[in-house]
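Student: Shown below is the structure under consideration.
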Amino acid sequence: MVERLVPDELWELFQRVVPEVPIRPQGGGRRRHGDREVLAAIVFVATSGCTWQQLPAASFGPSGATAHRRFTEWTKARVWARLHRLVLDELGSRGALDWSRCAIDSVNMRALKGDLTGPNPVDRGKYGSKIHLITERTGLPISVGISGANVHDSQALIPLVKGIPPIRSRRGPRRRKPAKLHADKGYDYRHLRKWLSRRGIRHRIARKGIESSQRLGRHRWTIERTMAWLAGCRRLHRRYERKAEHFLAFTSIACTLICYRRLTK
């Protein structure tokens, strides 16, 4: 189970970002569970959608409380964002990232409570959260963020573009700026077009009342497919985490797994 959820190549990448094991100055204490077993338990919770109490300790070793505690420690250390960036670097060095066309979109889900939640205007005011994504041409997520369900999509464009990390290329310097950005009518604002133009990014944003909605998916179908891939991470079907950083961590884990699957092909 551990080797299936955390293959050797993913484990080698994780070892480069995981913080060092703390040393007890007084000595003694219980034996610490291995990081690989705990990582497999966290991936199992993310993909299966089970609660921490339902984690089968017999299959992994650590209990649900231990896995949750280690998950909290690694989230504070920004391990998941660094792992996602490391996988993107590996893809970029192999020439597997296509920067010619990128797309931006968001997806809503229900939220019980917690930070960065709000009444969803398209779901009868039910509280929820949003996941905002930017994907490259083939649908690999390169920038991710979360917000309340009542936050307009257009407010996430600038933070997401700025949040694209400098990613390695097969040749030349690192890259963090797409050549063209595709978006739907929710991003049709003049100040966003001007901001993208000043950064040298060509924009293809559908115009309200002018362009038909039938052709919006001509180049944006890849990000819609990525949203479907995110649904494979059952922990994201509905937000249960009270802390926003924990919900963002599960989103980063899902994006990392999507990119890693492309890395192994």
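The values are calculated or read from the model by the stated rules, or taken from the named source; none is laboratory data. Because the structure is a prediction, the values reported are computed rather than measured. Because the Cβ atoms are built from the backbone with ideal geometry, glycine has one as well, and the counts that use them run over all protein chains shown. When the accessible area is computed, the model is the full protein with side chains, heavy atoms only, and any ligands, DNA or RNA have been set aside. Shrake-Rupley method; radii C 1.70, N 1.55, O 1.52, S 1.80 Å.
Student: Could you tell me which of the residues TRP99, TRP80 is farther than 20 Å from ARG234 by Cα, open to solvent by 10 Å² or more (accessible area, probe 1.4 Å), outside any strand (DSSP E or B) and of a type in the set (Phe, Trp, Tyr)?
Tutor: One residue alone meets the criteria, TRP99.
Student: Another question about this same structure. In this structure, is THR47 in contact (Cβ under 8 Å) with a residue 12 or more places away in the chain and under 20 Å from the mean Cα position of the chain (by Cα)?
Tutor: The answer is yes for THR47.
Student: Moving on to the next point. If you check VAL107 against the conditions, is it β-branched (Val, Ile, Thr), within 16 Å of ASP184 (Cβ to Cβ) and in a loop (DSSP other than H, G, I, E, B)?
Tutor: On the way: β-branched (Val, Ile, Thr): yes; within 16 Å of ASP184 (Cβ to Cβ): yes; in a loop (DSSP other than H, G, I, E, B): no.
Taking the combined requirement at face value, the residue does not satisfy it.
Student: Further, regarding this structure: Taking segment 109-125 on its own, how many of its residues are surrounded by 15 or more Cβ atoms within 10 Å (Cβ to Cβ), more than 17 Å from the chain's Cα centre (by Cα) and closer than 20 Å to ARG235 by Cβ?
Tutor: 6
Student: A follow-up question, please. If you check GLU20 against the conditions, is it free of Cβ contacts under 8 Å to residues at least 24 places away in the same chain, of a type outside the set (Gly, Ala, Ser) and over 17 Å from PHE250 (Cα atoms)?
Tutor: yes
Student: Another question about this same structure. Go through GLU90, GLU3, GLU9 for me and flag whichever is out of contact with any Pro (no Cβ under 8 Å at 6 or more places or on another chain), open to solvent by 40 Å² or more (accessible area, probe 1.4 Å), in a helix (DSSP H, G or I) and closer than 30 Å to GLY172 by Cα. It would help to see each step written out before you state the result.
Tutor: Values: GLU90 fails: open to solvent by 40 Å² or more (accessible area, probe 1.4 Å); GLU3 fails: closer than 30 Å to GLY172 by Cα.
From the options GLU90, GLU3, GLU9, the qualifying one is GLU9.
Student: A further question follows. Find the residue count for segment 232-248, including only residues that are closer than 12 Å to ILE131 by Cα, of a type in the set (A, V, I, L, M, F, W, C) and open to solvent by less than 30 Å² (accessible area, probe 1.4 Å).
Tutor: So the answer is 3.
Student: Please go through segment 137-152 and give me each residue that is over 18 Å from LYS265 (Cβ atoms), open to solvent by less than 10 Å² (accessible area, probe 1.4 Å) and not in a strand (DSSP E or B), ordered by number.
Tutor: Listed by number, the list holds a single entry, ALA149.
Student: For the condition within 18 Å of LEU160 (Cα to Cα), in contact with a His (Cβ under 9 Å, 6 or more places away or on another chain), touching a residue at least 60 places away in the same chain (Cβ under 8 Å) and not hydroxyl-bearing (Ser, Thr, Tyr), what is the one hit in ILE205, ILE223?
Tutor: Residue meeting the stated conditions: ILE223.
Student: Here's something else I'd like to know. Which ones in segment 21-75 are assigned to a helix (DSSP H, G or I) and open to solvent by 50 Å² or more (accessible area, probe 1.4 Å)?
Tutor: Once the filter is applied, which keeps residues that are assigned to a helix (DSSP H, G or I) and open to solvent by 50 Å² or more (accessible area, probe 1.4 Å), segment 21-75 yields GLU37, ALA58, SER59, ALA65, HIS68, ARG69, GLU73.
Student: Wholly within segment 156-231, which helices (runs of 4 or more DSSP H) include no fewer than the required count, namely at least 2 residues that are farther than 28 Å from ARG78 by Cα and open to solvent by less than 70 Å² (accessible area, probe 1.4 Å)?
Tutor: Qualifying helices (runs of 4 or more DSSP H): 190-198.
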